[in-house]
Amino acid sequence: LTSIKEIASLPNLLELFVNDNRLISLEGLTETHAENLQKFICMPNRLLKPKEILRVERDLGILCRQ
(Lines give C-alpha, C1' and ligand atoms only; values in the text may rest on other atoms or scores of the structure.)
Protein backbone atom coordinates (compact mmCIF):
# COMPACT_ATOMS: atom_id res chain seq x y z
CA LEU A 1 0.00 0.00 0.00
CA THR A 2 1.10 3.52 -0.71
CA SER A 3 -2.04 5.28 0.53
CA ILE A 4 -4.91 4.84 2.98
CA LYS A 5 -6.97 7.78 1.71
CA GLU A 6 -9.83 5.42 0.85
CA ILE A 7 -10.50 4.61 4.51
CA ALA A 8 -11.98 8.09 4.95
CA SER A 9 -15.25 6.51 3.80
CA LEU A 10 -15.00 3.74 6.43
CA PRO A 11 -15.46 5.55 9.76
CA ASN A 12 -16.65 2.47 11.67
CA LEU A 13 -13.41 0.50 11.48
CA LEU A 14 -12.49 -1.11 14.78
CA GLU A 15 -9.03 -2.35 13.77
CA LEU A 16 -6.65 -1.39 10.99
CA PHE A 17 -3.33 -3.05 10.21
CA VAL A 18 -1.24 -1.24 7.57
CA ASN A 19 2.28 -1.99 8.79
CA ASP A 20 5.13 -3.03 6.49
CA ASN A 21 3.89 -1.05 3.50
CA ARG A 22 5.11 2.02 1.62
CA LEU A 23 2.97 4.67 3.29
CA ILE A 24 4.28 8.22 3.38
CA SER A 25 1.10 9.70 4.85
CA LEU A 26 -1.77 8.66 7.08
CA GLU A 27 -4.17 10.90 5.19
CA GLY A 28 -7.58 9.30 5.23
CA LEU A 29 -7.77 8.94 9.00
CA THR A 30 -10.28 11.32 10.51
CA GLU A 31 -11.57 12.37 13.91
CA THR A 32 -14.49 10.01 13.30
CA HIS A 33 -12.05 7.10 13.17
CA ALA A 34 -10.72 8.11 16.57
CA GLU A 35 -14.13 7.40 18.10
CA ASN A 36 -14.24 3.77 16.91
CA LEU A 37 -10.72 2.64 16.04
CA GLN A 38 -9.50 0.45 18.88
CA LYS A 39 -6.30 -0.83 17.30
CA PHE A 40 -4.20 0.93 14.66
CA ILE A 41 -1.00 -0.82 13.64
CA CYS A 42 0.95 1.33 11.21
CA MET A 43 4.57 0.73 12.10
CA PRO A 44 6.96 -0.14 10.74
CA ASN A 45 6.52 1.79 7.51
CA ARG A 46 10.01 2.96 6.66
CA LEU A 47 8.80 5.88 4.52
CA LEU A 48 6.44 7.22 7.19
CA LYS A 49 7.95 10.25 8.91
CA PRO A 50 7.76 10.65 12.69
CA LYS A 51 6.15 14.05 12.10
CA GLU A 52 3.18 12.37 10.40
CA ILE A 53 2.80 9.87 13.24
CA LEU A 54 2.84 12.68 15.80
CA ARG A 55 0.23 14.60 13.79
CA VAL A 56 -2.18 11.67 13.89
CA GLU A 57 -1.60 11.00 17.57
CA ARG A 58 -1.83 14.65 18.63
CA ASP A 59 -4.50 16.00 16.29
CA LEU A 60 -6.72 12.95 15.91
CA GLY A 61 -6.02 11.13 19.15
CA ILE A 62 -5.25 7.86 17.37
CA LEU A 63 -2.37 5.86 18.84
CA CYS A 64 0.01 4.57 16.16
CA ARG A 65 1.35 1.19 17.26
CA GLN A 66 3.81 -1.42 16.12
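Can you give the translational diffusion coefficient of the chain in µm²/s, computed by Stokes-Einstein from the Kirkwood radius over Cα pairs at 10 °C and 1.306 mPa s?
My calculation gives 138 µm²/s for D.
Express in nm, to one decimal, how much length is gained between residue 22 and residue 5 on full extension, taking 0.36 nm for each residue of separation and deducting their alpha carbon distance.
The residue 22-residue 5 span can extend by a further 4.8 nm.
Counting only heavy atoms of protein chains, what accessible area per residue, in Å², does the chain have with a probe of 1.4 Å?
67 Å²
Determine the relative contact order of the chain: mean sequence separation of Cα pairs under 8 Å and six or more apart, normalised by residue count, in whole percent.
Once divided by the residue count of the chain, the mean separation gives 34 percent.
Expected output is a single nm value to one decimal: the length gained when fully extending between residue 13 and residue 38, i.e. 0.36 nm times separation in residues minus the C-alpha distance. What is it? Mind showing how you got there, number by number?
Working: separation 25, 0.36 × 25 = 9.00 nm, distance 0.84 nm.
Working it through step by step, the gained length comes to 8.2 nm.
Measure off, as a whole percent, the carbon and sulfur share of the 1.4 Å-probe accessible area of the chain, all protein chains present.
Of the solvent-accessible surface of the chain, carbon and sulfur hold 52 percent.
The values are calculated or read from the model by the stated rules, or taken from the named source; none is laboratory data. Computed from a predicted structure; not experimentally measured. Heads up: the accessible areas ignore ligands, DNA and RNA and are worked out on the full protein's heavy atoms, side chains in. Shrake-Rupley method; radii C 1.70, N 1.55, O 1.52, S 1.80 Å.
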